[in-house]
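Have a look at the structure below, then the notes.
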Amino acid sequence: MRNFVVFLISIFWGQLFSLEAHCEQTTLYIVRHGQTDWNVQGKLQGHADIPLNNAGRAEAAGLGERIGNIDFDICFSSDLQRAIETAEILSATHPVVIKSVPLLRERNYGSWEGRLFSELLEYEKEGHPLLNIESDEEIQKRIFPLLNEIVNNHPGATVLIVTHGSVLRSLLAHLLNIDSSSILSIQMKTTAALKLIACNEKYEIKEMTDIQILGAGR
């Protein structure tokens, strides 16, 4: 009986490792859009459809040069124009199909959109509840199923994803086990980039560009 149990366990582990071994790894490059005037002014953009400014276009072009040797198989972008334009600039040297996906949008800030981020921080510091603002957990609940779908539909592919700051922070917070109360310790510039390797709906951080985790020695 004992030998039979050991035999079953060995089959189970053999199948598990076999699945890992045969998994086609998908490479994801997840990029924050370029700068907008509202970024400069410190305003909450959310779903407001704010375009890139000239500096943002230059940032996207600069990143495009740095990743110009990467042949992307497909690109997914937030449907907001600051993300779409960033995706178009990034893929200019290697044209690729760009699919706009509303699930990649910035956090929904509700009635706070267009107001200063500093005002929101002060309001929260005073102990007021933040109503009708999408939480980090809600962002994660829409982002990870989308990433899993992309990975499952494009095994072995190299995928460009263009999104927004809060989405990238919420994604990193989950992967690095950072609590929502400390999410602002994740600092990033516009056109910051995150490289992930994905396999069997598991994600490994391979590289972070223009992203800093305060207090983590990064």
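The values are calculated or read from the model by the stated rules, or taken from the named source; none is laboratory data. Just so it is clear, the model here is predicted, and its values are computed rather than measured. All Cβ positions, glycine included, derive from the backbone under ideal geometry; neighbour counts span all protein chains shown.
Counting the residues of segment 62-80 that are exposed (fewer than 15 other Cβ atoms within 10 Å of the Cβ) and part of a helix (DSSP H, G or I) gives 3.
The single condition from (1) closer than 22 Å to I67 by Cβ; (2) among the small types (G, A, S); (3) touching a Leu at 6+ places or on another chain (Cβ under 6 Å) that A192 fails is (3).
Would you mind stating whether D210 is among the acidic types (D, E) and under 26 Å from N53 (Cα atoms)? Here the answer is yes, as D210 does meet what is asked.
Screening I143 on (1) modelled with pLDDT under 95; (2) of a type outside the set (D, E); (3) within 11 Å of the chain's Cα centre (by Cα) shows it passes everything except condition (1).
Count of segment 84-95 residues, restricted to those that are assigned to a helix (DSSP H, G or I) and touching a residue at least 12 places away in the same chain (Cβ under 8 Å), is 6. Summed over segment 101-121, the residues that are over 27 Å from L176 (Cα atoms) and either of a type outside the set (K, R) or in a helix (DSSP H, G or I) (or both) give a count of 7.
Give the residue that is surrounded by the most Cβ atoms within 10 Å (Cβ to Cβ), with candidates limited to residues of segment 30-56 that are among the polar types (S, T, N, Q) and in a helix (DSSP H, G or I). Working first, answer last.
First pass over segment 30-56, keeping only residues among the polar types (S, T, N, Q): 35-36, 39, 41, 45, 53-54.
When the remaining residues are screened for being in a helix (DSSP H, G or I), the result is 39, 41, 54.
Numbers: N39: 21, Q41: 10, N54: 10.
Result: N39.
On the given criteria, is E59 touching a residue at least 60 places away in the same chain (Cβ under 8 Å), assigned to a helix (DSSP H, G or I) and crowded, with 21+ Cβ neighbours inside 10 Å? The answer is yes for E59. Taking each residue of segment 96-123 that is farther than 20 Å from P51 by Cβ and surrounded by fewer than 14 Cβ atoms within 10 Å (Cβ to Cβ) and looking for partners that are modelled with pLDDT under 95 and of a type in the set (S, T, N, Q) with beta-carbon atoms closer than 8 Å, six or more apart or interchain, yields S111/N132.
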